Amino acid sequence: MGIQFDANTRTFTLQTARTTYQMRVDERGRLLHLYYGRRIGQGDLGALYPPADHGFSPDYYPCRLRRGVSPDVLPQEYTGCNVGDFRLSCLVVRDADGAAGADFFYQSHEIAPGKYTLEGLPCAHDEDSEAETLSIRMRDPVTGLTLELLYGVFAHQDVVTRAVRLHNDGSAPLRLEKAASLCLDLPFGEWDLVHFHGRHAMERRMERAPLPHAVTTVSSTRGASSHHHNPFVILCDHEATEDHGLCYGVMPVYSGSHRTDVEVDQNGLTRVVTGLHDERFSWLLEPGESFTAPEVLLCCSAGGLGDLSRHYHTFLRRNICRSPFRYARRPVLINNWEATYFTFTTDTICRIAEKAASLGVEMMVLDDGWFGKRDDDNSGLGDWFVNEKKLPGGLRPLIERVNALGMKFGLWVEPEMVSEDSDLYRAHPDWALTLPGRDPAMGRNQLVLDMSRPEVVDYLTDRLGTLLAENHIEYIKWDMNRNMSDVYSRALPPERQGEAGHRYMLGVYRLLDRLTSRFPDVLFEGCAGGGGRFDAGMLCYFPQIWCSDNTDAIERLVIQHGTSFGYPVSAMGAHVSACPNHQTGRTVPLWTRAVVAMSGTFGYELDLGRLTQEECDQVRAQIETFKRYYDVIQNGAYYRLSDPARQPRYVAWQTVTGTESLVSVVLTHPEGNARPLHFCLQGLEEDALYQLDELHVYGIAVTPESGHAAADACGAVYSGSALLYAGLTLPPMIGDAPSLQLHLTRLP
Ligand code: DGJ
């Protein structure tokens, strides 16, 4: 395993436990991609690509007589610019004459233990010293542009990370107009594209379709990874299922505007190019300067979509999240947002906290509205000073009262934004992104701060740092409630305006790095109007991210299902909220709401004072249940047991550790004269014995039969193989959105 270089054939082979990645420096010095897929040996695969003369595919100049060696046909490791490959390109670079051109030739390489880091950008870390780094240096002789291709090989995890550094070693300035992070050529095979689209409050809906002979784009120009197109795509073979088939995952570690293009070319080769979005992007590279394109996490699995997801879950938690909380049990929280919105005082919050503490909740989170002049969402952003009309004496008396209840205290902030009606904006109108001479587009009546300016990042470091240092705050919810338009920085010269969008992200990352390093004991949760920035870049700083502003449990099933393809349960912020639900008006049984929220970080977001005694008893029991099942939910391997396209009646999922398993089911579409629900479990050991020791059916209209069936089933012992292959039939369920949890313990 690891990285091998065969000096005779100049072939690089990256071996992981179950995959092989291979490339070769050809006779002319260009780097060809040879293979990525199931593990094979080290042999040179150059023979897979014999010379073939294709009309209208130009040859390299030295091959003009022999013909048939075309950059437009051969699989590439990273493309040049304007030199004969008409497929998707990775790079557009212009020299001082305005000529766009680059053709890279191998210079040298280095193989080193450990994982490279990227200056100013989040990326995978390797604290267990299990990774190796390959760095290949290529050079364009005309411009002097050096291309450094970086590969981090996490052999045991079947993950290969990639990133790119471009360095101007020439004597004249260069302008990058596109600088992607990765080109992945799959020369053979036909693929489905799986991606995760949506909108505010309806994020990460999984969509799967065969790739056409065209370019398909998944992208965001919003200055955020977005609710609309998550920066994660999967290519899988047409027959791939949850537990079968070849799949490739491509996940940029980036939270700003991104773009992934997938092209099926004239010969059936599939090319994926991913990285920063190039719209309005332009980066001036003076001689001696470097530019680093964000990292991308590649994973390949022959074990189907489920196996690919579990690889990402483990990797993100272990090698992307840096927070000390990534494996810790997070407190069950109550958030006041849907309980009070902007209308509260210290007493209101304490009343919620008292009730919550009596039911077992462990942390009180104060959401939007505690600062500046903030009685609605039209003003106050930027003024991160306590509003003493609402909270007399500041945060301290409130926190003391919350702590006296035995609860932790958490706080909401939205640091990257400013309201026109705020002291910060009045003092520094030039700190907002606005175009000269134009009225800016307003999102939620707020503007975006110019995070590309170091003084803005310094100001926020100081203000938020003081807030955290002076108060006993144990959790921060970091929100971002509009997308970025009018991108123009008053601090950058005209020739660098195309850098503003990416420099914004670098500023955000610098701020997050400073605060999370200085306050390692604070649990940070990311948020962007729900899940508008749910990506691997943010997970480097935030171990959890609020999934969606849609708290309707039935909608959340779809959102969490889509999210689970790339991201672990431990990252999904999820709360039980009030019914009728504030977003959809739907009523779902309280227990079902909890079953769904438990498959995330778990908390509450409603006025507990309005619950009946019976409902309060349910909440207490839910928290006990969550704590009892905590290990299997949060640390277990995650299996999707249903596919909304194939099983529209219910959603089911399962988590498995070496000692236990939990199956959760929500019946979304009850039917008359209902057929029993039956399915096979996953992830169990064939030869082990499992005792079904808990079976709970929850819902407003649970039939007497289901209660009897549940009681009768408890205590039964099954072999792993019986549960895997013969499966289980569930007790009958009717009513609006009943649910079920079934717990198995592996017998010693
Ligand atoms: C959007 C978030 O997603 C909500 O949970 C809440 O914090 C509001 N912003 C507050 O303005």
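Excluding ligands, DNA and RNA, the accessible surface per residue across the chain is 36 Å² with a 1.4 Å probe.
Overall form of region 282-336: oblate. Here a/c, set by the Cα gyration tensor axes a ≥ b ≥ c, is 1.5 or more, and a/b is not larger than b/c. State, as an integer percentage, the relative contact order of the chain based on alpha-carbon contacts under 8 Å between residues 6 or more apart. Relative contact order here is 10 percent.
Here the spin labels are modelled as points 7 Å beyond Cα on the Cα-Cβ line, and at GLN613 and GLN4 they lie 7.3 nm apart.
Positive-end ranking of PHE519, LEU506, LEU467 along the dipole of region 437-561, with charges on Cβ about the Cα centre, is headed by LEU506.
Taking trypsin sites (Lys or Arg not before Pro) in DSSP loop conformation with at most 10 other Cβ atoms inside 10 Å as exposed sites, the chain has its longest uninterrupted site-free stretch at 65-388. Between helix 395-404 and the chain there is an angle of about 60 degrees, using the helix long axis and the longest principal axis of the Cα atoms.
If I fit a long axis through the Cα atoms of helix 704-713 and take the longest principal axis of the Cα atoms of the chain, what angle between them do I get, 0 to 90°, rounded to 10? Relative to the chain, helix 704-713 is tipped by roughly 70 degrees.
Backbone N atoms of region 360-382 closer than 17 Å to the 7 Å Cα→Cβ label point of ASN445 belong to residues 368-382. If the segment from TYR327 to ASP462 were pulled out straight at 0.36 nm per residue, it would be longer than the present Cα-Cα gap by 45.7 nm. Its Cα centre serving as origin, region 535-613 has a Cβ charge dipole (Lys and Arg +1, Asp and Glu -1) of approximately 200 debye. Look at the alpha carbon pairs under 8 Å that are at least 6 residues apart: their mean separation over the length of region 6-62 gives a relative contact order of 25 percent. Over region 93-185, the ratio between the Cα radius of gyration and 2.2 N^0.38 Å evaluates to 1.22.
Charges were assigned to the Cβ only: +1 to each Lys and Arg, -1 to each Asp and Glu. The resulting dipole of the chain about its Cα centre is roughly 60 debye.
Once the convex hull of all Cα atoms in the chain is built, its volume per residue stands at 162 Å³.
Return the FRET efficiency for the residue pair THR584, ASP687: r is the Cβ-Cβ distance, R0 is 41 Å, and the value is rounded to the nearest 0.05. Intermediate values should be presented prior to the final figure.
Numbers: r = 45 Å, r/R0 = 1.11.
That pair, THR584 with ASP687, gives E of 0.35.
The label point for LEU724 and the one for ARG396, both projected 7 Å from the Cα toward the Cβ, are 6.1 nm apart. Hydrodynamic estimate: the Kirkwood radius of region 409-524 over Cα pairs, inserted into Stokes-Einstein at 37 °C and 0.692 mPa s, corresponds to D of 221 µm²/s. Rounded to the nearest whole angstrom, the semi-axes of the ellipsoid equivalent to region 650-746, taken from the Cα gyration tensor as √(5λ), stand at 23, 13, 12, largest first. Per residue, the convex hull spanned by the Cα atoms of region 392-453 measures out at 130 cubic angstrom. Largest first and in whole Å, the equivalent-ellipsoid semi-axes of region 508-664 read 25, 20, 17, each the square root of five times a Cα gyration tensor eigenvalue. Panel note: the C-alpha atoms of region 1-130, placed on their principal axes, show extents of 51, 39, 23 Å (largest first). At full extension, ASP486 and LEU435 could sit 17.8 nm farther apart than now, given 0.36 nm per residue minus the alpha carbon distance.
Model label sites at ASP376 and THR348, defined 7 Å from Cα along the beta-carbon direction, differ in position by 1.5 nm. What a 1.4 Å probe finds exposed on region 650-746 is 55% carbon and sulfur by accessible area, rounded to a whole percent. For the chain, the number of Lys pairs separated by eight or more positions or lying on different chains, with C-alpha atoms closer than 27 Å, is 17.
Comparing region 333-629 with the 2.2 N^0.38 Å rule of thumb, its C-alpha radius of gyration ratio is 1.01 (two decimals). Here is the list for region 353-457: GluC sites (Glu not before Pro) lying in DSSP coil, each with at most 15 other C-beta atoms within 10 angstrom of its C-beta, are GLU388. Within region 52-156, the GluC sites (Glu not before Pro) that combine a DSSP coil assignment with at most 13 other C-beta atoms in a 10 angstrom radius are GLU119, GLU127. Between THR659 and ARG628, residue separation times 0.36 nm minus the direct Cα-Cα distance comes to 9.8 nm.
In this structure, the amide hydrogen of LYS408, modeled 1.01 Å from its nitrogen in the peptide plane, lies closer than 5 angstrom to those of MET363, MET364, counting only residues at least 5 positions away or on a different chain.
Roughly how tilted is helix 454-470, in degrees to the nearest 10 and between 0 and 90, from the longest Cα axis of the chain? On a 0 to 90 degree scale, this one is about 30.
With contacts taken as Cα pairs under 8 Å at a separation of at least 6 residues, region 333-629 carries a relative contact order of 18 percent.
Here the alpha carbons of region 323-369 define both size measures, Rg and Dmax, at 12.1, 35 Å.
Determine the sum of side-chain charges near ALA597: Lys and Arg each +1, Asp and Glu each -1, restricted to other residues whose C-beta is under 11 angstrom from that of ALA597. Residues close to ALA597 contribute a combined charge of +1. Only DSSP H runs of four or more residues enter the estimate; each adds -39500 (n - 2.57), and after division by the residues of the chain the mean residue ellipticity at 222 nm equals -5500 deg cm²/dmol.
The values are calculated or read from the model by the stated rules, or taken from the named source; none is laboratory data. Keep in mind it's a predicted model, so treat the numbers as computed, not measured. Cβ atoms come from the backbone with ideal geometry, glycine included; neighbour counts cover every protein chain shown. Surface areas here come from the heavy atoms of the whole protein model, side chains and all, with no ligands, DNA or RNA. Shrake-Rupley method; radii C 1.70, N 1.55, O 1.52, S 1.80 Å.
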